[in-house]
Amino acid sequence: MDPGKQATEFFARWGVSHEEMLAAFREEFGPGTVWDQRPIPRVTGPNRAVLFLKLCRAALGLVTIDVEILKLAVDGDTVLTERIDTLRRADGSIISAAPLVGVLTYRDGQLVYWREYFDAGTFVSKTLVGLVSGLVRQVPGVARGGVRPASS
């Protein structure tokens, strides 16, 4: 399969369900695949990638990621993508939407190295705002306009 098509199909599976996203990572990654998204620590292999995604679900409520591909270029086995990744909770609310660039390298149809570049400060601040807003919605007595007075 053409590496550009393979990468596009990989990203499309992230928005289906959490289980489908995990399956996509298990199938796309080989045992030695390196996923480098600095400043986040590097992840090697499908098991570590899936563990990372499960930790994101536990910490952030991440269930799916909608990927909007703005630009895609292919040079041999290397795919360059400019994307906006929108991280979503189970209710569809947005945790964060961040622009990034990714470079995926394939060998014999298997993803072997994947680097992602993004503004970590912007991503962290948007994610924290999304995390706090998600937590606030879960607290009884909190309304959109602020905190409701406690009944006496």
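Computed from the coordinates by the stated procedures, all read-outs in this text should not be read as laboratory data. The model shown is predicted, which means the values in this text are computed figures rather than measured ones. Virtual Cβ from ideal backbone geometry, glycine too; neighbours counted across all protein chains shown.
Proximity of backbone amide H atoms, modeled 1.01 Å from N, is registered between residue 95 and 87, 88, 89 at under 5 Å, excluding neighbours fewer than 5 places apart on the same chain. Within region 3-136, the ratio Rg/Rh, alpha carbon atoms throughout and Rh by Kirkwood, equals 0.95.
Tally Lys/Arg at +1 and Asp/Glu at -1 over every other residue whose Cβ is under 13 Å from the Cβ of residue 57; what's the total? Cβ neighbours under 13 Å give a net charge of +2.
Distance between the C-alpha centres of region 9-26 and region 32-77: 11 Å, rounded to the whole angstrom. Distant-in-sequence amide contacts of residue 37, defined by a placed amide H-H separation under 5 Å and a gap of 5 or more residues or a different chain, comprise 43, 116. With a cut-off of 12 Å between beta carbons, the residues surrounding residue 103 carry a summed charge of -3, where Lys and Arg count +1 and Asp and Glu -1.
Rounded to the nearest whole Hz, the Karplus-based 3J(HN,Hα) values (6.51 cos²θ - 1.76 cosθ + 1.60, θ = phi - 60°) of region 59-67 follow the sequence 7, 10, x, 4, 10, 9, 10, 8, 10, with x at glycine and proline.
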